[in-house]
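To start, the structure under review is shown below, and the notes come after it.
Coordinate-derived values only; no laboratory data. Just so it is clear, the structure is predicted and the values come from calculations on it, not from any experiment. A quick note on method: Cβ atoms are made from the backbone with ideal geometry, for glycine too, and the neighbour counts reach across all protein chains shown.
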Amino acid sequence: MIKEIITYPQTPSLEFGANVRLFDAELFKLIDDLKDTMKANDLNALAAFQIGSPYNVIVLKDGDDYIELINARVIKREGSVESVETTAYFPGLSAKTKRYKKIKVMYEDREENQQFLEAEGERSIIIQRKLDYSFGSNFRVRLDDAERKLFDSKLEFGTNAITDNGCPTVFKRDKILHTFKYTFIAALVGVAFSFFLSDANLVILKVVENYTMLFMLSLLVIYFFYAQYEGRQYKNCSSCQIGNIIGVTAISAFKLLVLFALNYFFVW
């Protein structure tokens, strides 16, 4: 049966890491539920804890088959590796973690036979992440202080777009303002030249000025929405940027209005 995967901020259970003692029909149903849920959500691995069970059971996809890890424990660890992890518990969010590069796991199969599994690379990371769940935790506890603060910002705002907690002094949106500024200056020069042009050239200038103002209006709209999107990536200055964005947009809109008035009285 397909089960609901528990996601943040729900707490799956206050019980966790319970060893399986009875290898009976109830256990086999739990394993089948894990497999069905994995298939439905296109997952490579799932811990019983993620569907609300306290038992230390993990199902790992192995090609077209599955490996059933019951009462799993890591008994050997080698090296370290840094990876960007995602998990169903924090949908749409990722974090940079440090894991063991290679591990050896001791577990039991459904016949209660002791088994061993060596894993490295991506499989090693997946197993370690699922074992975190089996013992009531998640990858957040594996993050260093800076990465944890960044991840907490992602949780707060519900987006993976946040890339830094600091507030930069230069933004990509500034390029839009620079384009607006130089276009505004060019349009003013056009108005000044209107006093020296013949009637035929004045008609051409009117068309150019109209398209220029339309272009500037488009830049202003793009700036307003993109600036808000960019600001949300920086937690510590997102609130103070709102007033700045509105102020810059208002000033730029006033400049555009002045340009419109100059064209109305001197060019049109």
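For the chain, the 222 nm mean residue ellipticity estimated from helices alone, with every DSSP H stretch of n ≥ 4 adding -39500 (n - 2.57) and the total spread over all residues, rounds to -15500 deg cm²/dmol. Specify the residue with the greatest mean-square fluctuation among PHE224, PHE196, PHE23, computed from a Gaussian network of the chain linking alpha-carbon atoms under 10 Å apart. Result: PHE196 has the largest fluctuation of those listed. Once both labels are positioned 7 Å from their Cα atoms along Cα-to-Cβ, the gap between SER80 and ILE251 label points is 4.7 nm. So I have [x] 29.6, 97; [y] 23.6, 80; [z] 18.9, 67, and one of them is Rg and Dmax of the Cα atoms in Å calculated from this model. Which one is it? Comparing each candidate, only [x] matches the computed number. Estimated from the Cβ-Cβ distance and a Förster radius of 35 angstrom, the FRET efficiency linking ALA25 and ALA161 is about 0.15.
Report the calculated FRET efficiency for LYS172 and TYR264 (r = Cβ-Cβ distance, R0 = 25 Å), to the nearest 0.05. Present the calculation step by step, with values, prior to reporting the outcome.
Details: r = 34 Å, r/R0 = 1.35.
Efficiency, rounded to the nearest 0.05: 0.15.
For the chain, the longest principal axis of the C-alpha atoms and the axis of helix 174-193 are separated by about 10°. In a simple Cβ point-charge model (Lys, Arg +1; Asp, Glu -1; nothing else charged), the range 1-133 has a dipole of about 640 debye relative to its Cα centre. Measuring between their Cα centroids, the range 107-135 and the range 199-223 lie 65 Å from each other. Note on MET106 and ALA18: with the Förster distance fixed at 30 Å, the Cβ-Cβ geometry gives a FRET efficiency of about 0.95.
Only lysines eight or more places from LYS76 in sequence, or on another chain, were considered; those with a Cα closer than 24 Å are LYS61, LYS96, LYS98, LYS101, LYS102, LYS104, LYS130.
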